Structures are given as C-alpha cells and as structure tokens.
1. Filter the range 25-48 down to the residues that are aliphatic (A, V, I, L, M) and part of a helix (DSSP H, G or I), then identify the one that is farthest from residue 14 (Cα to Cα).
2. So, in the range 1-28, how many residues would count as being of a type in the set (Phe, Trp, Tyr) and surrounded by 11 or more Cβ atoms within 10 Å (Cβ to Cβ)?
Amino acid sequence: MTKREAIEQAVKDLLPNELEQFRAWFEEFEAVAFDSKIEPDARRGKLDRLAEAALREFREGRAREI
C-alpha cells in the first residue's frame, strides 16, 4: 500500500467529527501552501495587471457578487 492509499484509508476511517476537524485543518493547510506559491509573484508585481483589470470591471459594473 502506498503512502497516499494509506492516507485515503485513514481518512475514510475517521469518525464524522474527526473528519470535520481534518477538513478544517486541510483547508488551512492548502491556503497556506497557495499563499506561499503566489506571494513571490505578488511581490514582484506580476498580478498587478490582473488586479487592475478586475477593479476596472467592477467599477464599470461588469462584475457581480458571488
């Protein structure tokens, strides 16, 4: 059994409250991982053009709340 398969089985074996706790932990884990990937690009200004376009669309009323 691979490590991934063992983790999948362990997750399947969690009680409902344990699964809820695991889900919350994993969501935070993914958020931190994503932030660490995108942060260097943000610091270098690579996302500025996209942010400006999104703000322009919002000001022009071409965006909607989700």
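The values are calculated or read from the model by the stated rules, or taken from the named source; none is laboratory data. Nothing here was measured: the structure is a model prediction, and the numbers come from that model. Note that each Cβ is placed from the backbone with ideal geometry, even for glycine, and that neighbours are counted across all protein chains shown.
1. Across the range 25-48, the extreme among qualifying residues is 42.
2. Within the range 1-28, residues that are of a type in the set (Phe, Trp, Tyr) and surrounded by 11 or more Cβ atoms within 10 Å (Cβ to Cβ) number 2.
Every residue, every condition in (1) at pLDDT 95 or above; (2) among the β-branched types (Val, Ile, Thr); (3) more than 17 Å from the chain's Cα centre (by Cα), yes or no:
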residue: 8; (1), (2), (3): yes, no, yes
residue: 15; (1), (2), (3): yes, no, yes
residue: 25; (1), (2), (3): yes, no, no
residue: 31; (1), (2), (3): yes, no, no
residue: 55; (1), (2), (3): no, no, yes
residue: 61; (1), (2), (3): no, no, yes
residue: 65; (1), (2), (3): no, no, yes
